[in-house]
Every structure is written in structure tokens, then in C-alpha cells.
Amino acid sequence: MSLNAPTLATILLVLLGALVSAPVLYKGFSRRGKGVIYEQNFLIQRAPQFSTLVNVVIIVMGFLSANNVVQPSLAQIFSVGGLLSPLVAGLISWVGVALLVSGLVFMIGGWYSLGECFSTDAEVMDGHTVRKTGLLKYVMHPAYSGIIQCLLGSSLAADSVVAALFCVAVVAPLWLNRAKYEESLLLESLGPDYKKYAEELKWRRLVPPFIPIGV
């Protein structure tokens, strides 16, 4: 089986990201559920994670379709690359790979920036403080921004309209909702210090303030 260049680039980037993020993810999972304030709500805790996994499955189907691994009748459902000129399909794919690189930087950098305050669930840890280091100097929720960028970038790399729409319409709103919930927790726990931090970043949750559009 011969894979196209954007597919190979995506696989290599994901493997590299998994290797770099393994230590911080291990610590994040070990802290899960141990916070002094923890939310059991499914929409806050599990829905963003489950939707992300569903998006990954759709993206994988997109790459299989783009590389002619699935039946032709299914291929056009998950990847429109075959309907486009090779130049346009390739351009979209490489834009997606570039967005994936940015997403990995935001996601993994965000996890490391949180340090001892990082958990894979939405919660306030014992001794939680306002963090302004690393990527947290530029955006309030770099990891969530990175997850969305990774999924959207991979969707574009696979030329998958279905995956891209699912990311924008389902995954992104769920992570944004979780981000807003975490802010309410931190405002309650950390008070004026966190509010000042948020105001300094103009309440930009996913996109840094120096970019003229975004949330």
C-alpha cells in the first residue's frame, strides 16, 4: 500500500507528538479526579473527549479514502480529494499539515505550560495557582486550541469535508463550553488574580489576542 505524502507527514507528526507528550499525559491522567473541585457533568468532562475520538475515527476514514484503501463508493463520503484537481487537493492537504503542526505545538505546549496544575479532566487541583508561563502567556486555553487545530488540520490533510465539519460544528463548541466552565471554577477559586489574567488576554480562549479574529 502506497500512502500519499500528506498522509505520511501526518502519521510522522502524530507519532512525534505522542512521544513528546507521553510524560505530561501520564502525569495528567494520574491526577485525574483528584482535584479539590471536580465536575461530574458528562457534557463538561466526557463529551469533548468522546467527540474528539469520533472525529479521529472520521479522519482515519478520510485518510483511508484519500489513499484508495476503502471501497470507491465510500471514498467520496470521507474524502473529496478525488473530486478535486491534484494541485488543489495537494494544496489543501499541505495547509492541513501546517495547521496540524501548529495544533501540536499549542496542545502539547499547553499541557506542559500548566505544569502541576494539569489534569486530563476539568478540575481545580490542590494548590492551584494562576499560570502565566509558556503558551498561557498568549492564550487562555492553548491545549484546547491545539486539539481543535490538530483535528481540523488533519481533516484538511485528508481532504475530508465530513471530518472538518464535525470538528467545527461539534468538537470545537464542546471544548469551548468546557473552557468557559473551567474559567468559572478558576474565578471562584483564584478570584481577582485569575480575572486580571483573563482580562490581560482579553478573554481570548482559543486564539491569541494579536490575531484580529477569534474567540
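Computed from the coordinates by the stated procedures, all read-outs in this text should not be read as laboratory data. Everything quoted here is computed from the prediction, not taken from an experiment. With ideal geometry, Cβ positions are generated from the backbone for all residues, glycine too; neighbour counts draw on all protein chains shown.
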Virtual spin-label span in nm between Leu16 and Glu188, 7 Å along Cα→Cβ: 4.1 nm
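Over segment 17-113, what relative contact order in percent results from Cα pairs under 8 Å that are six or more residues apart?
Values: 34 pairs, mean separation 27.3, N = 97.
28 percent.
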Under-5 Å amide H pairs with Glu123, H placed in peptide plane, nonlocal only: none
Proximal aspartates and glutamates to Lys196, defined as alpha-carbon separation beneath 18 angstrom and excluding residues fewer than eight positions away on the same chain: Glu182, Glu183, Glu188
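Net charge near Glu199: determine it from the other residues with C-beta under 15 Å of the C-beta of Glu199, scoring Lys and Arg +1 and Asp and Glu -1.
Values: positive: Lys132, Lys137, Lys195, Lys196, Lys202, Arg204, Arg205; negative: Glu183, Asp193, Glu200.
Spelling it out: positives minus negatives among the neighbours equals +4.
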Among Asn67, Ala164, Gln45 the positive-end extreme of the charge dipole of the chain (Cβ point charges): Gln45
Residue of Val171, Val36, Val97 that the Gaussian network model of the chain assigns the largest fluctuation, springs spanning Cα pairs under 10 Å: Val36
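Can you list which of the trypsin sites (Lys or Arg not before Pro) found in segment 123-215 are DSSP loop residues with at most 15 other C-beta atoms within 10 Å? Don't skip to the end; give the middle numbers.
On the way: sites: Arg131, Lys132, Lys137, Arg178, Lys180, Lys195, Lys196, Lys202, Arg204, Arg205; in loops: Arg131, Lys132, Lys202, Arg204, Arg205.
Answer by residue number: Lys132, Lys202.
Let me know the shape class of segment 1-113, please: from the alpha-carbon gyration tensor, a ≥ b ≥ c as square roots of the eigenvalues, rounded when a/c is under 1.5, otherwise prolate if a/b is greater than b/c, or oblate.
Working: a/c = 2.77, a/b = 1.87, b/c = 1.48.
Prolate is the answer for segment 1-113, as a/c is 1.5 or above and a/b outweighs b/c.
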Net charge over other residues, Cβ less than 11 angstrom from the Cβ of Ser113 (K, R count +1; D, E count -1): +3
Sum of side-chain charges, Pro209 neighbourhood, beta-carbon under 15 Å (Lys, Arg +1; Asp, Glu -1): +4
HN-Hα J in Hz across segment 3-17 - Karplus 6.51, -1.76, 1.60, θ = phi - 60°, x for Gly and Pro: 9, 6, 4, x, 5, 4, 4, 5, 4, 5, 5, 5, 5, 5, x
Three-way shape call for segment 142-215 based on the alpha-carbon gyration tensor, with the a/c threshold at 1.5: prolate
Overall Cα dimensions of segment 69-179 - principal axes, largest extent first, Å: 55, 22, 21
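Taking the radius of gyration and the Kirkwood hydrodynamic radius from Cα positions alone, what is the Rg/Rh ratio for the chain, to two decimal places?
On the way: Rg = 18.2 Å, Rh = 18.0 Å.
Using only Cα positions, Rg/Rh for the chain is 1.01.
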